[in-house]
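In what follows, a structure is listed as structure tokens, so that the remarks can point back to it.
Values quoted throughout were computed directly from the atomic coordinates according to the rules given, and no laboratory measurement underlies them. Since the structure is predicted, the reported quantities are computational estimates derived from the model, not experimental observations. Cβ sites come from the backbone with ideal geometry, for glycine too, and all protein chains shown count toward neighbours.
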Amino acid sequence: MTASPTLPRPENSTTVRTHPRMPVTLRAVRGGMRILSSIAPDRAAAIAEHMFLSPRRHPRPVAERDMLATATRVTLNSSYN
């Protein structure tokens, strides 16, 4: 019986990545949802759905607020005839 040849192993594999530590708030939400889902699964599902479907709101940048302060509202009419 002959030994099968071994393939060279790269020192820096691209298939394995190191991930930074998860933020504390995300760990807290995940833990809370895990507990809530065992106590009230319907409520946990409703909260998870709301979190998934609601976009994050970010404050507008100063440049955008300045531009909107000097903007002029224009109404465009369209018709489907």
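Here is a yes/no grid of residues against (1) surrounded by 10 or more Cβ atoms within 10 Å (Cβ to Cβ); (2) within 18 Å of the chain's Cα centre (by Cα):
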position: Val29; (1), (2): yes, yes
position: Pro41; (1), (2): yes, no
position: Glu64; (1), (2): yes, no
position: Leu76; (1), (2): no, no
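Annotation note: Cβ proximity below 9 Å between a residue of region 46-71 that is more than 15 Å from Met33 (Cβ to Cβ) and a residue that is loosely packed, with under 10 Cβ neighbours inside 10 Å and hydroxyl-bearing (Ser, Thr, Tyr) (sequence gap 6+ or interchain) occurs for no pair.
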